[in-house]
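> Mind looking over this structure? Questions follow.
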Amino acid sequence: MAALRKPVIAGNWKMYKTIAEAKELAEAVVRGLDNSFGAATLILIPPFTAIQEVKRTVSGTAIAVGAQDVFWEEKGAFTGEISPLQLKEAGCDFVVIGHSERRQYFGETDETVRKKTLAALCHGLTPIVCFGETLEERESGRTLDRIKAQLELSLFTLEEADFSRVVLAYEPIWAIGTGRNATPEQAEEVQAFTRSLVASRYGKTAADYAIILYGGSVKPNNALSLAREKDVDGFLVGGASLEAESFLAIAREALRAVRD
Ligand code: 13P
């Protein structure tokens, strides 16, 4: 974590929580806030159905709300899809794009990630763009090649002004929901590499300001050591964001890493 970059802690609730449960969780997060959290950006990312309720619940606080996916068209005959315009209206400022679960189960590709990212930016949503390798790619020594290819085909097609508004999220697929987080060294290797790719594509200043999150089995007990790595700027949290206490504990650890 570098002081230059404000830590971001985003809770991806995935397909969990009814509207009533989402409200309860958001209320608990709000109750747990104190002034120290002002030094971080906290984002709650509920399922589509609960976005408005969560937005209402956090209004008046600094907590932001995000969505887990978006379509690239503004409107039209696209049954089942949700547009960036609709997300913005519902109260979102962020949107996760290209999560590995979307790539794995719903056929998302680097090309759809590119289109969705552009559409989100056009409507004033900040994309949180996910990338990461499979276990097989890691074990066969292809991690960095895979990361580079993903970034080149999706984000690095953007103009610099657009790229500067994107949040990156490294999520090794083998670490998601497995309880097996990347070690701080493994996360740092990929995230430092990612920053170096950003520097080659957009220059050093863009790289210095790029926010690169880590996601994959982040818990209160591993957050501090991960956050101490210089290229880990915060977290995209799955399971541990479903309880206010563990989500806020992770945010506290990220803030501690900035202070230390
Ligand atoms: P877990 O924290 O449950 O491993 O999920 C990570 C994730 O996919 C966040 O987007």
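> So for segment 190-209 (the condition being surrounded by 22 or more Cβ atoms within 10 Å (Cβ to Cβ), in contact with an Asp or Glu (Cβ under 8 Å, 6 or more places away or on another chain) and under 28 Å from R31 (Cβ atoms)), does at least one residue qualify?
So far as segment 190-209 goes, no, none of its residues is surrounded by 22 or more Cβ atoms within 10 Å (Cβ to Cβ), in contact with an Asp or Glu (Cβ under 8 Å, 6 or more places away or on another chain) and under 28 Å from R31 (Cβ atoms).
> Being more than 18 Å from the chain's Cα centre (by Cα), closer than 18 Å to I250 by Cα, among the aliphatic types (A, V, I, L, M) and modelled with pLDDT under 95 is the filter here; which residues of segment 1-59 pass it?
Of everything in segment 1-59, just one residue is more than 18 Å from the chain's Cα centre (by Cα), closer than 18 Å to I250 by Cα, among the aliphatic types (A, V, I, L, M) and modelled with pLDDT under 95, namely A3.
> Can you tell me which residue is farthest from the ligand (Cβ to nearest atom) among those in segment 130-146 that are over 22 Å from F235 (Cα atoms) and in a helix (DSSP H, G or I)?
D145
> Could you grab the pairs with beta carbons closer than 6 Å, sequence gap of 6+ or different chains, first residue in segment 94-111 and closer than 15 Å to I173 by Cα and without any contact (Cβ under 8 Å) to a residue 12 or more places away in the chain, second one open to solvent by 10 Å² or more (accessible area, probe 1.4 Å) and within 14 Å of the ligand (Cβ to nearest atom)?
E108/R102
> Would you list the helices (runs of 4 or more DSSP H) that sit entirely within segment 147-260 and hold 1 or more residues that are among the hydroxyl-bearing types (S, T, Y) and within 16 Å of the ligand (Cβ to nearest atom)?
220-227, 244-259
> Next question, about the same structure. Would you check if K14 is more than 16 Å from the ligand (Cβ to nearest atom) and of a type in the set (D, E, K, R)?
Judged against the criteria, K14 is not a match.
> Then there is this: How many of the residues in segment 146-171 are of a type in the set (F, W, Y), open to solvent by less than 10 Å² (accessible area, probe 1.4 Å) and out of contact with any strand residue (DSSP E or B) (no Cβ under 9 Å at 6 or more places or on another chain)?
1
> Further, regarding this structure: How many residues does segment 213-231 hold that are acidic (D, E) and either over 14 Å from A192 (Cβ atoms) or open to solvent by less than 10 Å² (accessible area, probe 1.4 Å) (or both)?
1
> Going by the conditions given, is T143 crowded, with 19+ Cβ neighbours inside 10 Å and more than 23 Å from Q68 (Cβ to Cβ)?
yes
> Right, next: So which pairs qualify, if the first residue must be in segment 1-30 and without any contact (Cβ under 8 Å) to a residue 12 or more places away in the chain, the second must be open to solvent by 10 Å² or more (accessible area, probe 1.4 Å) and not small (G, A, S), the Cβ gap must be under 8 Å, and the two must be at least 6 apart or on different chains?
The qualifying pairs do not exist here.
The values are calculated or read from the model by the stated rules, or taken from the named source; none is laboratory data. What you see is a predicted model, and the numbers here were worked out from it, not measured in a lab. Counting neighbours? That spans all protein chains shown, and the Cβs are built from the backbone with ideal geometry, glycine included. Keep in mind that these areas ignore ligands, DNA and RNA; they rest on the heavy atoms of the full protein, side chains included. Shrake-Rupley method; radii C 1.70, N 1.55, O 1.52, S 1.80 Å.
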